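Undergrad: Got a structure for you, written out below as structure tokens; questions coming shortly.
The values are calculated or read from the model by the stated rules, or taken from the named source; none is laboratory data. These numbers were taken from a predicted model, which means no experiment stands behind them. All Cβ positions, glycine included, derive from the backbone under ideal geometry; neighbour counts span all protein chains shown.
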Amino acid sequence: MGSAEVPGAGNGWPQLRVDDWIQTRDTVHMWTQIVGKIRMALTPMLNHWWHVTLYVTPRGLSTSKIPYGGGAFDIEFDFCDHQLHVRASDGTTRSVVLEPKSVAAFHAEVFETLARLGIQAPIRAVPNEVEPAIPFADDHQHASYDPRAIRTFWQQLLQADRVLNEFRSHFRGKASPVHLFWGSMDLAYARFSGRAAPTHPGGVPNCADWVMVEGYSHELSSCGFWPGVGEEGAFYAYTYPEPPGYAQYVSEADGVVYRQSDRLYLLPYENVRSAPDPDSKLLRFLHSTYEAAAETGRWDRAGLEVDRDGWRR
């Protein structure tokens, strides 16, 4: 499918209503959890769970390199040809077709494919951060795959990833990559103040509290794109811990809202997509919500931020 066939993609920011692909989204969400757990099982642990995430590629989503024995392999969702590729460093490759099939069938095919490559990856085969948490091998409920919708979603991720990486370049302190967390299926980026944070209370469905404690062990300002809210998904931003005044800092004039129930700012995706300059609109949201965290949280902005004009000179 060419980009001309994607609704609203004239400026590179395609339109995709959540209600039009929710069944495909929920199925692929479970598929990404299976693949992400394989990476988690075989990759050395990194702080804040950065070793478990997926990354946007020119064709879809990838685990990046996973060490195995004396070599390595990777797994990539190819949303152009609709294949899941497993590629090993010895030159062998196997693929699983991405098409309407149950989570149970996908789970079985992926592990059969790994076995043919001589790869063993024991995982806890139950999803996280969802309710109910149906074991992958028993999940015949989620079985949708709309190739057009999933390719459009990937193109949304391409745009979001590009702008988030531009935003990332303004910060010299400790910061995460731009990566997709498969627990909640959001593309995320976080900046850190350098100070330890109070213990996170946990409480996320089907996710041990100690997982959240590690993820939020240090003060952060986080942002990203989440396809699970609103008409077409939304960009979000929050800080942990949230200082007094943070929720009132950013103006709601641009369509930005602060959702008290989740303690985060939201900017609807459609507001960005339909803007005369989508990149600038999104960057204003990212910079302003970070400023809210840094100012109300008393971050060392002079020591953490990049002088971009100085670099240009």
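Undergrad: Residue 279 is checked against (1) outside any strand (DSSP E or B); (2) under 17 Å from residue 250 (Cα atoms) and fails just one. What number does that condition carry?
TA: If we test residue 279 against (1) outside any strand (DSSP E or B); (2) under 17 Å from residue 250 (Cα atoms), just (2) comes out false.
Undergrad: Testing residue 248 on (1) of a type in the set (S, T, N, Q); (2) farther than 24 Å from residue 159 by Cα; (3) under 18 Å from the mean Cα position of the chain (by Cα), one condition comes back false. Which one is that?
TA: Checking residue 248 against (1) of a type in the set (S, T, N, Q); (2) farther than 24 Å from residue 159 by Cα; (3) under 18 Å from the mean Cα position of the chain (by Cα), the one that fails is (3).
Undergrad: From 144, 95, grab the single residue that is of a type in the set (S, T, N, Q) and assigned to a strand (DSSP E or B).
TA: Values: 144 fails: assigned to a strand (DSSP E or B).
Checking each option against the conditions leaves just 95.
Undergrad: Filter the stretch 185-216 for residues that are of a type in the set (S, T, N, Q) and surrounded by fewer than 17 Cβ atoms within 10 Å (Cβ to Cβ); which is modelled with the highest pLDDT? Reasoning before the result, please.
TA: The first filter runs over the stretch 185-216 and keeps only residues of a type in the set (S, T, N, Q), leaving 193, 199, 206.
Remaining after also requiring surrounded by fewer than 17 Cβ atoms within 10 Å (Cβ to Cβ): 199, 206.
Details: 199: 97, 206: 94.
Of everything passing the filter in the stretch 185-216, 199 is modelled with the highest pLDDT.
Undergrad: Would you check if residue 122 is touching a residue at least 24 places away in the same chain (Cβ under 8 Å) and in contact with a Leu (Cβ under 9 Å, 6 or more places away or on another chain)?
TA: Against the criterion (touching a residue at least 24 places away in the same chain (Cβ under 8 Å) and in contact with a Leu (Cβ under 9 Å, 6 or more places away or on another chain)), residue 122 does not qualify.
Undergrad: Does any residue in the stretch 261-282 that is surrounded by fewer than 19 Cβ atoms within 10 Å (Cβ to Cβ) come within less than 8 Å, Cβ to Cβ, of a residue that is hydroxyl-bearing (Ser, Thr, Tyr) six or more places away or on a different chain, and which pairs are these?
TA: Short answer, once both residue conditions are applied: 262/238; 263/238.
Undergrad: Still on this structure, please answer the following. Only one of these is within 14 Å of residue 292 (Cα to Cα) and in contact (Cβ under 8 Å) with a residue 12 or more places away in the chain: 216, 258, 238. Name it.
TA: Working: 216 fails: within 14 Å of residue 292 (Cα to Cα); 258 fails: in contact (Cβ under 8 Å) with a residue 12 or more places away in the chain.
Only one candidate qualifies: 238.
Undergrad: Between a residue in the stretch 12-40 that is more than 20 Å from residue 101 (Cα to Cα) and any residue that is basic (Lys, Arg) and surrounded by fewer than 23 Cβ atoms within 10 Å (Cβ to Cβ), which pairs come within a Cβ distance under 8 Å, given they are 6 or more apart or on different chains?
TA: Every condition considered, the pairs that remain are 13/273; 14/273; 15/273; 18/25.
Undergrad: Residues in the stretch 231-246: is at least one among the polar types (S, T, N, Q) and more than 20 Å from residue 48 (Cα to Cα)?
TA: Filtering the stretch 231-246 down to residues among the polar types (S, T, N, Q) leaves 239.
Next, only the ones that are more than 20 Å from residue 48 (Cα to Cα) stay: none.
Checking the stretch 231-246: not a single residue is among the polar types (S, T, N, Q) and more than 20 Å from residue 48 (Cα to Cα).
Undergrad: Looking at the stretch 237-247 only, could you name the residues that are out of contact with any helix residue (DSSP H, G or I) (no Cβ under 9 Å at 6 or more places or on another chain) and within 19 Å of residue 282 (Cα to Cα)?
TA: Hits for the stretch 237-247: nothing passes.
Undergrad: To continue, here is another question. Can you name every residue in the stretch 54-109 that is small (Gly, Ala, Ser) and either in contact with a Cys (Cβ under 9 Å, 6 or more places away or on another chain) or surrounded by 14 or more Cβ atoms within 10 Å (Cβ to Cβ) (or both)? Steps first, please.
TA: Step one: filter the stretch 54-109 for residues small (Gly, Ala, Ser), giving 60, 62, 64, 69-72, 88-89, 91, 95, 102, 104-105, 108.
Those that are small (Gly, Ala, Ser) and either in contact with a Cys (Cβ under 9 Å, 6 or more places away or on another chain) or surrounded by 14 or more Cβ atoms within 10 Å (Cβ to Cβ) (or both): 60, 62, 64, 72, 88, 89, 95, 102, 104, 105, 108.
Undergrad: Another question, then. Please give the number of the condition residue 76 fails out of (1) outside any loop (DSSP other than H, G, I, E, B); (2) without any contact (Cβ under 8 Å) to a residue 40 or more places away in the chain; (3) more than 23 Å from the chain's Cα centre (by Cα).
TA: (3)
Undergrad: Go through the stretch 49-67 and give me each residue that's outside any loop (DSSP other than H, G, I, E, B) and either over 13 Å from the mean Cα position of the chain (by Cα) or free of Cβ contacts under 8 Å to residues at least 60 places away in the same chain (or both). Spell out the reasoning first.
TA: Our first condition is that a residue be outside any loop (DSSP other than H, G, I, E, B); within the stretch 49-67, this holds for 49, 54-56, 60-62, 66-67.
Of everything in the stretch 49-67, those that are outside any loop (DSSP other than H, G, I, E, B) and either over 13 Å from the mean Cα position of the chain (by Cα) or free of Cβ contacts under 8 Å to residues at least 60 places away in the same chain (or both) turn out to be 62, 66, 67.
Undergrad: Residues 295, 232, 291: which one is surrounded by 14 or more Cβ atoms within 10 Å (Cβ to Cβ) and touching a residue at least 60 places away in the same chain (Cβ under 8 Å)? If you could, list the steps in order and put the result at the bottom.
TA: On the way: 295 fails: touching a residue at least 60 places away in the same chain (Cβ under 8 Å); 291 fails: touching a residue at least 60 places away in the same chain (Cβ under 8 Å).
After ruling out the rest, the residue left standing is 232.
Undergrad: Any idea which of (1) in a strand (DSSP E or B); (2) surrounded by 21 or more Cβ atoms within 10 Å (Cβ to Cβ) is the one residue 150 doesn't satisfy?
TA: (1)
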